[in-house]
Amino acid sequence: MQISTFYIKDEAFAVPSLVVEEYFRPLPITKVPGADRRIDGIVNIRGRTAVVINMRQCFDVPSRPASEPGEMILLETTQGLVAEARELGLYTFEEPVVLSVDCVSQIHQLAGEEVHPAPPHVNQCFVDGVVQIDEHYYTMISIRKLIDALLNGTAKEIPC
Amino acid sequence: MLAEQKNEHKFSIFNALITNDHREFYEKIINELIGVSPICNQGKCTAAAISETATEQEQITELMERVETFAAELHDGTKNLFDQFYAAKEDFCRSIYCTTAYIKINLIDRTLLERTCDVRWWAMETAFVECLERINKISRSLEKMLHEMGEFLDASRAAFEVPTLETNWTMRDISQYVDDVRAFGTRKLELMFNLPVYKQFRAKVDSLSEQLGKGKSQEPCLNMLQKVIKNIEEVHQHVAAACNRLEDIGSSYTLYRDLVITLPDGTVIANANPETREAVLGRTVTNEGWFQRARQEGELNDYIIEKTSRSIVDSGNSLVFSTRIHSPGKDDQSIGLMGAFFDLEEEAKIILQDYMPRHKDGDTRDGWYSFFTDINGRIVGSSDPDIIDVDQQAHLPRGHRKLKSGETISSYASVEGNDSAIFSAMSDGYLDFPGLGWSSHLIVPCRDIFASEANCSVNGISPDELMRSRLIPEINKDTYVKVQDDKQSIKLISLNGIVFASKLGKRGVALGPVFEQITETGDFATSKMEELLREMAFGELRLNLQTLETFSKQAIDLIDRNLFERSAAIRWWATDKYLWKAMSDPSDENLQAASRRLLDINSSYAMYRNLVLSNRMGRIIAASNPELIPDIKDARVADQPWFTKAMRSKNVGEYSVQDVGPTDLERGSRSSLIFSGAVRENGSRTGEVTGVLGSLFDWVTESGKILRTCLPKDRNGKRVQGCIAFYASRDFEVIESSDSQVIPIGSSPELPPEHRELAAGESASGVFRLGDHVYIMGSSRSKGYREYLGLGWSAHILRPLF
């Protein structure tokens, strides 16, 4: 399996590459009144509307300075998932969702590395576990938990 | 030769100015980018082969096209970047080296202004006026006396033709003595000014007088001889007095090769240099340019300046300042001339060899030349006379030969086989000195201007911090942001490609290497560009540091030169007749005369707050501005360094100086820098010290003025905001500051060691953090100037980075 890594502040995170549809530079965001603080608003990607999830907010990290625009990761829709992804049981939302992150990093091929449970001090809310590649650790984001908490529910803050 | 081509100038790798490093650099980037096209074609072919649907193929093809467009943009970006890089360096170097050329000519102008004051001031010295009045008078009557002496001698010879009983002398015998003396009748000038000749004459006269004394009725003739001798000896006394006075000046003002006084007909009657005196006195300068101009134009101007290198007075390269000497109240008629031979050769050497980069062994770096040309384009001083010949016509591009006052220009030319840049600045005079129309030229090899800064780093600042600083022009900052942006864009493109390929499963494997290659190429090109940008930033930083070093050097040089003048003046004034007279006989009349004299001097030299005369007990007995002293009656200076040092001095030509600080002689603890010289009994050279003359230099005003002229300016000549200049004493205490809010006077800022541990004349530069502020700073330590050794001060110029 391939994973795509990215950074939020100084910490490295990852999602399976198969749930990524496209990376792109930040687009203008339209704010949605009354939305959860972890939702920045919506963007228009080539005619499709996507909800933008602010990953900093999700991990209670202070906002990015205005001088750093960050980057965006567009997730596949449930429909767009390739067969391999379905086989692996990967989960996404029905509608386009964008993760707003600080910086997209790399793509790694996992060769037998295991996803370990996250250490207890990690905020478990949106985490599936931790992967070690060489000397680096990557926190695996749980797309399911993220979507359940922010989009499937009534967009209330659900305590973990 | 490459003309100035900034506007039509677009980057070309074939331009001779581009360094080999950059050619290689450029080639690598371009090669990588050229490689993108075949890779993309390969990607499109692979897409056609593996795609199952048209959409898939379209998606891959679109990705490839984006990569290609992007590579083309990078290609243009690289060219633009190099363009900016060279234009920025060119621009900056033009500004810094034109400034350096200007500083050099300005230093000359400042010195020359002082010299014009010197000669006019000296010409008013009563000793010279009295001497000239007497000698002119005696010279005129001596002609007649010598003629009469001849007649008397002839009469005596006739009287002796008839042998008398009293003598055994024959006609032939006395005739020989008469002839010996008579032969001197036509050698008036030699008798007056050539002591050996006079001595021969005197011996002959003595012998003749002895013989005549043996005859009868020879008194008229003997009286005549005595009268001639008396007059000639009076001339000798006046000459000796004038020479003595000139020597006093010469030993105070060592920047003159010689000083002469001539009669209106050009006969030199006195000079300052005892070594050449015998050869110079009595000779005429009537054929010399400076004399002819001074005699003619002297009526219109109060002084003239003429360059000479073949005077009978001095064969060196001099600039003669001359002025006519008048009897008091008779300004229409000159009684003589004064000529001061300023040592241009030495002065030009000091200035021209300064502000040049050196090898460790002290030699100026090859290919760097600095020289002055006069209004006709003739070289008047050169940093390397073996290559740039003095007195020859300078080989300069046309534009550099017709500058306007104060104008600067630069262009490229080949000089001595080096591709070089020439920076020229024309004098615009200084204050009321209009300048001589001279220009200063600085030649810098192109290889040094465009030297690679690839491995440059400066302690105390990171490349990113530097990139954000105020030093970096907006256009470069924008490019930096753009390159980083591009870097990220190309990364996203290839990541998208890889993600896309991974979703094709096994079919996508073939696309993998294509995207890897694109990632690599993109990374390479953009990181190279970042490197170049950083090099550019460090280049900009280095030039800024160099500029600050230049300005700090200028600041310390200007103060050293100014204080040299002060040290020369005090030595000369301390020998003034009115002062030692008041010391030996402190009558009210003499004290008033001394005070008047001090006021006279002070009114011509506005840079002094006060001139004070102290007796040997340390009591102030006369002052030019007594009202400035808080408690003049009780003022005692006996324990002050300026006084004690002067009391201990051994002879004239010595001076003392008391470092900047508060003094009892000023109200409100205003800081003063005090120079002092000993007043000696009867004004003699090594006589007992009878008092001390002190001059209170107006430190606060004058040093502030100089500091302000040394603050950095931008390309439009406007002062850069937030810059600070300050002087620090030997103990690194601030003694003057252009911004006493940030750098207060009396404080001791924590200077980095490399700025503290400077040897005399050395400069350093670097990053300086003061509180929350980050500055770059240039520092230079005083090396003194001629006999003014300096007080170990340093000058520091700060420019804010943020």
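The values are calculated or read from the model by the stated rules, or taken from the named source; none is laboratory data. Fair warning: this is a prediction, and the values are worked out from it, not measured in the lab. No Cβ is skipped: glycine too gets one built from the backbone with ideal geometry, and neighbour counts run over all protein chains shown.
Structure values in brief
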read-out: Residue among B:452, B:457 that is part of a loop (DSSP other than H, G, I, E, B), surrounded by fewer than 20 Cβ atoms within 10 Å (Cβ to Cβ), over 32 Å from the mean Cα position of the chain (by Cα) and more than 11 Å from chain A (Cβ to nearest Cβ); value: B:457
read-out: Odd one out for residue A:71 among (1) more than 14 Å from chain B (Cβ to nearest Cβ); (2) among the charged types (D, E, K, R); (3) in contact with a Phe, Trp or Tyr (Cβ under 9 Å, 6 or more places away or on another chain); value: (1)
read-out: All positions within region B:674-701 that are surrounded by 14 or more Cβ atoms within 10 Å (Cβ to Cβ) and in a helix (DSSP H, G or I); value: B:681, B:683, B:699, B:700
read-out: Of all residues in region B:517-533 being more than 14 Å from chain A (Cβ to nearest Cβ) and among the acidic types (Asp, Glu), the one that is nearest to residue B:25 (Cα to Cα); value: B:531
read-out: Residue A:73 being under 23 Å from residue B:512 (Cβ atoms) and touching a His at 6+ places or on another chain (Cβ under 7 Å); value: no
read-out: Residue within region A:30-39 that is within 10 Å of another protein chain (Cβ to nearest Cβ) and either surrounded by 13 or more Cβ atoms within 10 Å (Cβ to Cβ) or closer than 28 Å to residue B:487 by Cβ (or both) present; value: no
read-out: Verdict on residue B:754 being over 23 Å from the mean Cα position of the chain (by Cα), over 30 Å from residue B:245 (Cβ atoms) and assigned to a helix (DSSP H, G or I); value: yes
read-out: Residue in region B:472-488 that is touching a Leu at 6+ places or on another chain (Cβ under 8 Å) and within 14 Å of chain A (Cβ to nearest Cβ) present; value: yes
read-out: Selected residue [at pLDDT below 90 and either surrounded by fewer than 20 Cβ atoms within 10 Å (Cβ to Cβ) or farther than 20 Å from residue B:505 by Cα (or both)] from A:106, A:79; value: A:106
read-out: Criterion: outside any loop (DSSP other than H, G, I, E, B) and crowded, with 21+ Cβ neighbours inside 10 Å - qualifying residue of B:778, B:704; value: B:778
read-out: Boolean, residue B:622 is more than 29 Å from residue B:431 (Cα to Cα), buried (at least 20 other Cβ atoms within 10 Å of the Cβ), of a type in the set (A, V, I, L, M, F, W, C) and free of Cβ contacts under 8 Å to residues at least 40 places away in the same chain; value: no
read-out: Candidates B:681, B:702, filtered to the one that is in contact (Cβ under 8 Å) with a residue 60 or more places away in the chain, over 16 Å from residue B:645 (Cα atoms) and under 33 Å from the mean Cα position of the chain (by Cα); value: B:702
read-out: Filter result for the condition that a residue is within 14 Å of chain B (Cβ to nearest Cβ), under 16 Å from the mean Cα position of the chain (by Cα) and hydrophobic (A, V, I, L, M, F, W, C), over A:19, A:97, A:51, A:43; value: A:19
read-out: Residues satisfying the stated conditions in region B:287-307, i.e. modelled with pLDDT of 90 or more and either in a helix (DSSP H, G or I) or in contact with a strand residue (DSSP E or B) (Cβ under 8 Å, 6 or more places away or on another chain) (or both); value: B:288, B:289, B:290, B:291, B:292, B:293, B:294, B:304, B:305, B:306, B:307
read-out: Looking only at region B:494-504, and only at residues there that are touching a helix residue (DSSP H, G or I) at 6+ places or on another chain (Cβ under 6 Å) and touching a residue at least 12 places away in the same chain (Cβ under 8 Å), the one that is nearest to the other protein chains (Cβ to nearest Cβ); value: B:498
read-out: Output for region B:474-488, where each listed residue is in contact (Cβ under 8 Å) with a residue 24 or more places away in the chain, more than 15 Å from residue B:76 (Cβ to Cβ) and surrounded by 13 or more Cβ atoms within 10 Å (Cβ to Cβ); value: B:476, B:480, B:484, B:487
read-out: Flag for residue B:669 being free of Cβ contacts under 8 Å to residues at least 12 places away in the same chain, farther than 26 Å from residue B:242 by Cβ and of a type in the set (Ser, Thr, Tyr); value: yes
read-out: Selection count where residues are surrounded by fewer than 20 Cβ atoms within 10 Å (Cβ to Cβ) and either out of contact with any Ser or Thr (no Cβ under 7 Å at 6 or more places or on another chain) or facing another protein chain (nearest Cβ under 10 Å) (or both), scope region B:505-516; value: 7
